[in-house]
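The values are calculated or read from the model by the stated rules, or taken from the named source; none is laboratory data. The structure displayed is predicted, hence computed values, not measured ones. FYI the Cβ positions are ideal-geometry reconstructions off the backbone, even for glycines, and counts take in every protein chain you see. The protein model used for the area step is the full one, side chains on, heavy atoms only, and it has no ligands, DNA or RNA in it. Shrake-Rupley method; radii C 1.70, N 1.55, O 1.52, S 1.80 Å.
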Amino acid sequence: MSLMLTLILWEVTHSRAVGTAHSDSSALLAARADALIRASFQQPISASTLAAQMGCNPDYLGRAFRSIYKHTLTEAIHKIRIRHATALLGEGLTTIDAIATQCGFDDIGYFRRLFKRLTGMTPRDYRRIHSRVHVNTA
């Protein structure tokens, strides 16, 4: 249900942005890929696996996605995974290694490097600054 709602909302908000420069089929293909990424970012996914699920060529899917969203499929996967990781880090209830695994990263070191590249700080520093856990000092 949320996958369908995401697709509908995307089409409504981006219908003017697509215009005549992009065919409707490539816009729909990119929107479907975006919805699949959002629904399954915790699982091992890549441009190849997305294309296989959608029954199209990975290169064509990548070009269509980039023409609509202005970034690659891999960048989209990373951004969504890191966004989810920031939410979990803010809760302060789970270890950083467990959060990396929950967000679909097999390599914890890669997660830490990517997190720092995209947010400008390490996961530990992010947790320190944004943690929702407060200590009662009274």
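Quick notes on this structure:
- The lone exception for C103 - which of (1) out of contact with any His (no Cβ under 6 Å at 6 or more places or on another chain); (2) modelled with pLDDT of 95 or more it fails: (1)
- When A76, A85, A47 are checked against the criterion of being open to solvent by less than 80 Å² (accessible area, probe 1.4 Å), touching an Asp or Glu at 6+ places or on another chain (Cβ under 9 Å) and modelled with pLDDT of 95 or more, A76 stands alone in meeting it.
- Flag if R38 is out of contact with any His (no Cβ under 9 Å at 6 or more places or on another chain), free of Cβ contacts under 8 Å to residues at least 60 places away in the same chain, under 24 Å from P123 (Cα atoms) and open to solvent by less than 30 Å² (accessible area, probe 1.4 Å): no
- Long-range neighbours under 7 Å by Cβ, at least six apart or interchain, first residue within 15 Å of T122 (Cα to Cα) within the stretch 79-105, second surrounded by fewer than 18 Cβ atoms within 10 Å (Cβ to Cβ) and among the small types (G, A, S): G90/S131; G92/S131
- The stretch 41-70, residues that are among the small types (G, A, S) and in a helix (DSSP H, G or I): A47, S48, A51, A52, G62, A64, S67
- Reported count of residues in the stretch 99-130, each being polar (S, T, N, Q) and either open to solvent by less than 60 Å² (accessible area, probe 1.4 Å) or closer than 17 Å to S46 by Cβ (or both), is 2.
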